[in-house]
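*Asks:* My questions will all concern the structure given below.
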């Protein structure tokens, strides 16, 4: 007699299979980052070495600097834009011409980032911001700010407005209503928005390349640089590092944000 | 009069919602306000609470012109149809909210909130999150949160509209008991005729941007436009029809 596999066991295996499929490109990258010599038609590199990783971990590779530079840049952009766009989105959401403001917020995404950067480059050159880290920061602020506004505008719905107004009639000042009512209500949304803005900045290439003129060595720039140099194993190492924060953020989202929102 | 609103007008784009409304409310007095959807009841309450500004008119509270005062300075609490409990706070903390804003001592907060919870028959729910409560319990907690700060005027915007008939009747009784015990001054907006009559002997009828106030139930019952006669005729006709020809048991 044939034994049927219980449903929960099947589901568990399906989840593991899906997780394995999603993780496989990352595992492959990590594997490749420890490779050396991979002549055609070998299926895998012929030699393996911990040297790339040890150079990174001992600070002898410029990738370590790129990693911390990218973390600092994207972290800074994400903190600033989350705070700014949350406030601006409130003004947009309650404005009687909300639709037009939102339409304007979508405009930067009509063009590809490279074309947008080419359009903006003149102004960055005039402001002495081209080829400077500050210029890249400003450029990333410009590209992430509209996204933040679009993302947070949906938070300001009728329910939130009623909660805020109720707090006022109970005696809250605007500051108290923000601190004790809006902030706790928005915590999950703010965290998700922060992650998404961080990721946009983290993977940004076009603007960073054109405005930064190579002076802002983010990890994304490094990956492309190594690929162009055909430095396959370092490209894999940079790619692995590039993929790590999104994986960590995804895990945090799943563990702490979605579970509370559901 | 504790509260007086004179010649209040409000227009939203092309629509004139309020066209010179006058309301007066004595201390510890209650006014029921009836009106169809879109008749301007909510707009009037929001103007009184300071959540909307009037295009014209004046609001006087206890002799002071509060027309341009911020809502937090007025001492007028506006209660929505939805209980709107703060989702991140449990029942105890929801009720304590206004006292914490006023920086009361912890022991005083505990004493007041526990007394209010007992009054509202919610003592055993104090540590529950809002989503764990029934509709009636949520509304009671919302009352407690408003009443504990002793508002000068309480504005209720169809507070029982979302409740089932039995819970609604219980809530009406509870509210009347609390209103009397605390000598509340309140405006109670509803679209339910029976509820309006049950909550106050003074009844206001909002229509065509105006508010007509009837000082007693008899005047209101005799008003042709109030819909009371139609309601009475409906029940009388039903009763007579059923009395003459009992319904088919099938």
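The values are calculated or read from the model by the stated rules, or taken from the named source; none is laboratory data. If you're wondering where the values come from, they're calculated on a predicted model, not measured in any experiment. Heads up, the Cβs are rebuilt from the backbone with ideal geometry, glycines too, and the neighbour counts pull from every protein chain shown.
*Asks:* Give the stretch B:1-30 a look and list any residue that's in contact with a helix residue (DSSP H, G or I) (Cβ under 9 Å, 6 or more places away or on another chain) and in contact (Cβ under 8 Å) with a residue 40 or more places away in the chain, or say none.
*Replies:* The initial filter retains those residues of the stretch B:1-30 that are in contact with a helix residue (DSSP H, G or I) (Cβ under 9 Å, 6 or more places away or on another chain), namely B:3, B:5, B:8, B:10, B:12, B:17-18, B:21, B:23, B:28, B:30.
Once the filter is applied, which keeps residues that are in contact with a helix residue (DSSP H, G or I) (Cβ under 9 Å, 6 or more places away or on another chain) and in contact (Cβ under 8 Å) with a residue 40 or more places away in the chain, the stretch B:1-30 yields B:3, B:5, B:8, B:10, B:17, B:18, B:21, B:23, B:28, B:30.
*Asks:* Filter the stretch B:117-142 down to residues that are touching a helix residue (DSSP H, G or I) at 6+ places or on another chain (Cβ under 7 Å) and within 14 Å of chain A (Cβ to nearest Cβ) and give me whichever is nearest to residue B:31 (Cα to Cα).
*Replies:* Applying the filter and picking the extreme gives B:139.
*Asks:* Test each condition in (1) assigned to a loop (DSSP other than H, G, I, E, B); (2) surrounded by fewer than 17 Cβ atoms within 10 Å (Cβ to Cβ) for residue A:227 and report the one that comes out false.
*Replies:* Of the numbered conditions (1) assigned to a loop (DSSP other than H, G, I, E, B); (2) surrounded by fewer than 17 Cβ atoms within 10 Å (Cβ to Cβ), the odd one out for residue A:227 is (1).
*Asks:* Also: Pick out the one residue from B:57, B:38 that is free of Cβ contacts under 8 Å to residues at least 60 places away in the same chain, under 20 Å from residue B:157 (Cβ atoms) and either within 14 Å of chain A (Cβ to nearest Cβ) or part of a loop (DSSP other than H, G, I, E, B) (or both).
*Replies:* Step by step, each of B:57, B:38 is checked, and only B:38 is free of Cβ contacts under 8 Å to residues at least 60 places away in the same chain, under 20 Å from residue B:157 (Cβ atoms) and either within 14 Å of chain A (Cβ to nearest Cβ) or part of a loop (DSSP other than H, G, I, E, B) (or both).
*Asks:* Inspect the stretch A:27-41 for any residue being touching a strand residue (DSSP E or B) at 6+ places or on another chain (Cβ under 7 Å) and modelled with pLDDT under 85 and give the result as yes or no.
*Replies:* For the stretch A:27-41, residues touching a strand residue (DSSP E or B) at 6+ places or on another chain (Cβ under 7 Å) and modelled with pLDDT under 85: present.
*Asks:* For the stretch B:72-84, how many residues meet the condition of being outside any loop (DSSP other than H, G, I, E, B) and out of contact with any strand residue (DSSP E or B) (no Cβ under 8 Å at 6 or more places or on another chain)?
*Replies:* 2
*Asks:* Right, something else. Which ranges mark the helices (runs of 4 or more DSSP H) fully within the stretch B:139-228 that have 1 or more residues being modelled with pLDDT of 85 or more and farther than 18 Å from residue B:42 by Cβ?
*Replies:* Fully inside the stretch B:139-228 and qualifying: B:165-181, B:193-199.
*Asks:* Further, regarding this structure: Would it be correct to say that residue B:113 is in contact with a helix residue (DSSP H, G or I) (Cβ under 6 Å, 6 or more places away or on another chain) and either modelled with pLDDT of 95 or more or away from every other protein chain (no Cβ under 13 Å) (or both)?
*Replies:* yes
*Asks:* Find all pairs meeting these conditions: Cβ atoms under 6 angstrom apart; at least six residues apart or on different chains; first residue within the stretch A:19-46 and closer than 15 Å to residue A:241 by Cβ; second residue part of a loop (DSSP other than H, G, I, E, B) and modelled with pLDDT of 85 or more.
*Replies:* Partner pairs satisfying both residue conditions: none exist.
*Asks:* Say whether the condition of being out of contact with any helix residue (DSSP H, G or I) (no Cβ under 8 Å at 6 or more places or on another chain) and more than 14 Å from chain B (Cβ to nearest Cβ) is met by at least one residue in the stretch A:199-212.
*Replies:* no
*Asks:* Still on this structure: Before we move on, is residue B:87 outside any helix (DSSP H, G or I) and buried (at least 22 other Cβ atoms within 10 Å of the Cβ)?
*Replies:* no
*Asks:* Among the residues of the stretch A:51-78, what is the count of those that are within 23 Å of the chain's Cα centre (by Cα) and at pLDDT 85 or above?
*Replies:* 17
*Asks:* Out of everything in the stretch B:97-110 that is exposed (fewer than 14 other Cβ atoms within 10 Å of the Cβ) and assigned to a loop (DSSP other than H, G, I, E, B), what residue ends up being nearest to the other protein chains (Cβ to nearest Cβ)?
*Replies:* Ranking the candidates gives B:102 first.
*Asks:* Let me ask another. Among the listed residues B:28, B:37, which satisfies the condition of being at pLDDT below 95 and under 21 Å from residue B:5 (Cα atoms)?
*Replies:* Details: B:37 fails: under 21 Å from residue B:5 (Cα atoms).
Checking each option against the conditions leaves just B:28.
*Asks:* Quick one: would you say residue A:115 is within 20 Å of residue A:200 (Cβ to Cβ) and surrounded by fewer than 17 Cβ atoms within 10 Å (Cβ to Cβ)?
*Replies:* In short, yes.
*Asks:* Still on this structure, I have one more. Please determine, by comparing only the residues of the stretch A:171-186 that are facing chain B (nearest Cβ under 8 Å) and surrounded by fewer than 16 Cβ atoms within 10 Å (Cβ to Cβ), which one is farthest from the chain's Cα centre (by Cα).
*Replies:* Going through the stretch A:171-186, the residues facing chain B (nearest Cβ under 8 Å) turn out to be A:171-173, A:176, A:180-181, A:184-185.
Going one step further and asking which of them are surrounded by fewer than 16 Cβ atoms within 10 Å (Cβ to Cβ), we end up with A:173, A:184.
Working: A:173: 35, A:184: 23 Å.
Looking at residues that are facing chain B (nearest Cβ under 8 Å) and surrounded by fewer than 16 Cβ atoms within 10 Å (Cβ to Cβ), I get A:173.
*Asks:* Oh, and also: From the list B:147, B:176, B:197, B:163, pick out the single residue that is free of Cβ contacts under 8 Å to residues at least 24 places away in the same chain and either within 14 Å of chain A (Cβ to nearest Cβ) or in contact with a helix residue (DSSP H, G or I) (Cβ under 9 Å, 6 or more places away or on another chain) (or both). Give the derivation first.
*Replies:* Numbers: B:147 fails: free of Cβ contacts under 8 Å to residues at least 24 places away in the same chain; B:197 fails: free of Cβ contacts under 8 Å to residues at least 24 places away in the same chain; B:163 fails: free of Cβ contacts under 8 Å to residues at least 24 places away in the same chain.
From the options B:147, B:176, B:197, B:163, the qualifying one is B:176.
*Asks:* Quickly run through the stretch B:69-96 and pick out the residues that are within 11 Å of another protein chain (Cβ to nearest Cβ) and out of contact with any helix residue (DSSP H, G or I) (no Cβ under 6 Å at 6 or more places or on another chain).
*Replies:* Correct list: B:70, B:73, B:74, B:75, B:81, B:82, B:89, B:93.
*Asks:* Here's another thing I want to ask about it. On the basis of being without any contact (Cβ under 8 Å) to a residue 12 or more places away in the chain, surrounded by fewer than 19 Cβ atoms within 10 Å (Cβ to Cβ), in contact with a helix residue (DSSP H, G or I) (Cβ under 9 Å, 6 or more places away or on another chain) and closer than 24 Å to residue A:173 by Cα, does residue B:152 make the cut? Spell out how you get there, then give the answer.
*Replies:* Details: without any contact (Cβ under 8 Å) to a residue 12 or more places away in the chain: no; surrounded by fewer than 19 Cβ atoms within 10 Å (Cβ to Cβ): yes; in contact with a helix residue (DSSP H, G or I) (Cβ under 9 Å, 6 or more places away or on another chain): yes; closer than 24 Å to residue A:173 by Cα: yes.
When the stated conditions are applied, residue B:152 does not pass them.
*Asks:* Another question, then. Pick from the stretch A:151-170 the residues that are surrounded by fewer than 21 Cβ atoms within 10 Å (Cβ to Cβ) and in a loop (DSSP other than H, G, I, E, B): which of them is farthest from the other protein chains (Cβ to nearest Cβ)?
*Replies:* By that ranking, first place goes to A:154.
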